[in-house]
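Report on one structure; see the data block that follows.
Bear in mind that the values in this text are calculations on the coordinates, not laboratory data. If you're wondering where the values come from, they're calculated on a predicted model, not measured in any experiment. Cβ placement follows ideal geometry from the backbone for every residue including glycine, while neighbour counts extend to all protein chains displayed.
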Amino acid sequence: MARALILDSEAVAALAQRRQGMAERLAAAQEADHRVVIPTVVLAEVATGALTDAAIWHVLGKIPTVDLPESVEMRAGTLRSRAERTRRKKRDLTVDAIVAATAVELAPSVVLTADRSDLELLTDGFDVKVSPV
């Protein structure tokens with residue numbers, strides 16, 4: 001079964017900055033016929049309005065963004081609420097929860113992120129693998 005590869009803001013930034021290995025990971029996923037997507041909310045975390053956004057636009061030309069149905073948004077709220085009850089350190093997990101809910105909706109899936117602990121907490125119990133950028 002084809003997997004989905006979900007990119008969070010750090011993964012999009014890594015692609016835009018052409019970090020070593022990222023282009024190869026993307027190409028391997030696409031060659032394996034994995035669905036590669038960026039939840040649209042991620043753009044709010046990576047866009048700055050500066051000229052450097054050109055690199056992000058370049059990434060967006062190669063990877064589709066996905067608008068999320070209400071069911072994913074509702075699941076994101078549930079995942080965020082569940083995670084916040086178990087975390088000691090309080091911070092807003094809304095965007096991470098939306099990324100996690102997207103991964104759950106498209107499972108089996110992999111999330112590329114630099115924030116493994118939060119995404120692992122959010123996707124615990126689902127067929128989602130969290131992989132470092």
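Residue-by-condition table, conditions (1) within 17 Å of V12 (Cβ to Cβ); (2) buried (at least 16 other Cβ atoms within 10 Å of the Cβ); (3) in contact with a Gly (Cβ under 6 Å, 6 or more places away or on another chain):
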{"site": "A76", "(1), (2), (3)": "no, yes, no"}
{"site": "T86", "(1), (2), (3)": "no, no, no"}
{"site": "R91", "(1), (2), (3)": "no, no, no"}
{"site": "T102", "(1), (2), (3)": "yes, yes, no"}
{"site": "L112", "(1), (2), (3)": "yes, yes, no"}
{"site": "S117", "(1), (2), (3)": "no, no, no"}
{"site": "L122", "(1), (2), (3)": "no, yes, no"}
{"site": "D127", "(1), (2), (3)": "no, no, no"}
{"site": "S131", "(1), (2), (3)": "yes, no, no"}
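Check off (1) of a type in the set (G, A, S); (2) in contact with a strand residue (DSSP E or B) (Cβ under 8 Å, 6 or more places away or on another chain); (3) crowded, with 21+ Cβ neighbours inside 10 Å for A29 and give me the number that stays unchecked. Here A29 clears every test but (3). Contact annotation: no residue pair with Cβ atoms under 6 Å, 6 or more positions apart or on different chains, pairs a residue in the range 74-86 that is at positive phi with a partner that is of a type in the set (S, T, N, Q) and crowded, with 16+ Cβ neighbours inside 10 Å. Applying the condition of being more than 20 Å from A114 (Cα to Cα) and among the β-branched types (V, I, T) to the range 30-73 and asking which residue is nearest to the chain's Cα centre (by Cα) yields V66. Cβ-Cβ distances below 8 Å connect no pair with a first residue in the range 39-53 that is closer than 12 Å to V99 by Cβ and without any contact (Cβ under 8 Å) to a residue 60 or more places away in the chain, a second residue that is surrounded by fewer than 15 Cβ atoms within 10 Å (Cβ to Cβ) and among the small types (G, A, S), and a separation of six or more residues or different chains.
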